[in-house]
Amino acid sequence: MVFIAIAVIVVGYAVVIYNSLVSLKHAVSQAWANIDVLLKQRHDELPKLIETCKQYMKHERETLTEVMRARAAVASAREAHDVDGVGEAEGVLRLGLGNLFAVAEAYPDLKANESFQHLQTRITGLENAIADRREFYNASVNVNNVRIEQFPDLIIARLLSFRPAKLLEFAVQEKADVDVAALFQ
């Protein structure tokens with residue numbers, strides 16, 4: 001009778017651990033889906049911004065092209081569910097947007113354009129939301145990864161092939177200081 005009681009407790013505990021690990025795995029997926037929604041929204045807004053800028057920035061084609069190339073790289077990595085690729089491409093895109101907004105300072109007519117102002121505000125808001133969601137995603141990944149490495153959870157995790165998730169890390173370019181003076185030369 002004691003053996004049966006111990007077996008029931010062990011099996012019950014294993015079920016609780018399993019359900020907890022499944023919940024964590026889905027929390028990571030949900031956090032990624034939230035980032036994906038925001039990336040898609042920003043992806044849809046960028047062509048509008050570029051078109052608005054093209055009307056005023058005749059001599060800044062390289063900056064505009066850089067932003068569109070980075071946008072395509074983010075979309076490609078996002079569709080492939082490549083967390084490392086998204087992190088790297090995001091860094092390049094954010095740097096390109098920073099350059100674009102800095103260069104826009106030299107075009108008073110563009111800065112005064114209502115459409116540009118709206119798009120700049122919208123994209124900046126999306127950037128902030130993406131940063132918040134990145135933080136939440138990385139926290140979810142961290143909780144998941146810690147749990148599947150802790151005893152006794154690691155036993156269930158290994159038996160049932162739970163894998164660690166990847167953190168969404170920033171590209172080196174995004175961490176570097178921006179040379180604002182060079183943008184105006």
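Taking region 30-50 as the range and being under 29 Å from ASN145 (Cα atoms) and surrounded by fewer than 15 Cβ atoms within 10 Å (Cβ to Cβ) as the test, the residues that pass are GLN30, ALA33, VAL37, LYS40. Scoring GLU60 on the criteria (1) more than 27 Å from the chain's Cα centre (by Cα); (2) farther than 20 Å from LEU97 by Cβ leaves a single failure, condition (2). Looking across region 1-56, the residues that are touching a Leu at 6+ places or on another chain (Cβ under 9 Å), hydroxyl-bearing (Ser, Thr, Tyr) and closer than 30 Å to VAL67 by Cα come down to THR52, TYR56. Of the helices (runs of 4 or more DSSP H) entirely within region 73-185, those holding at least 3 residues that are within 19 Å of the chain's Cα centre (by Cα) and either at pLDDT 85 or above or among the polar types (S, T, N, Q) (or both) occupy 83-104, 114-147. Just to be sure before I move on: is ASP82 free of Cβ contacts under 8 Å to residues at least 40 places away in the same chain, under 16 Å from LYS166 (Cα atoms) and not aromatic (Phe, Trp, Tyr) in the structure I sent? Yes; evaluated as a whole, the condition is true for this residue.
The lone criterion from (1) under 19 Å from ILE123 (Cα atoms); (2) touching a helix residue (DSSP H, G or I) at 6+ places or on another chain (Cβ under 7 Å) left unmet by ALA72 is number (2). Out of everything in region 76-94 that is out of contact with any Leu (no Cβ under 7 Å at 6 or more places or on another chain) and within 20 Å of ASN128 (Cβ to Cβ), what residue ends up being surrounded by the most Cβ atoms within 10 Å (Cβ to Cβ)? It comes out as LEU93. Being touching a residue at least 24 places away in the same chain (Cβ under 8 Å), aliphatic (A, V, I, L, M) and surrounded by 12 or more Cβ atoms within 10 Å (Cβ to Cβ) is a property that ALA73 lacks.
In region 5-17, the count of residues that are closer than 22 Å to LEU167 by Cα, free of Cβ contacts under 8 Å to residues at least 12 places away in the same chain and surrounded by fewer than 19 Cβ atoms within 10 Å (Cβ to Cβ) is zero.
The values are calculated or read from the model by the stated rules, or taken from the named source; none is laboratory data. Computed from a prediction, not measured in an experiment: that's the story for all the values here. In this analysis, Cβ positions are derived from the backbone assuming ideal geometry, glycine residues included, and neighbour counts consider all displayed protein chains.
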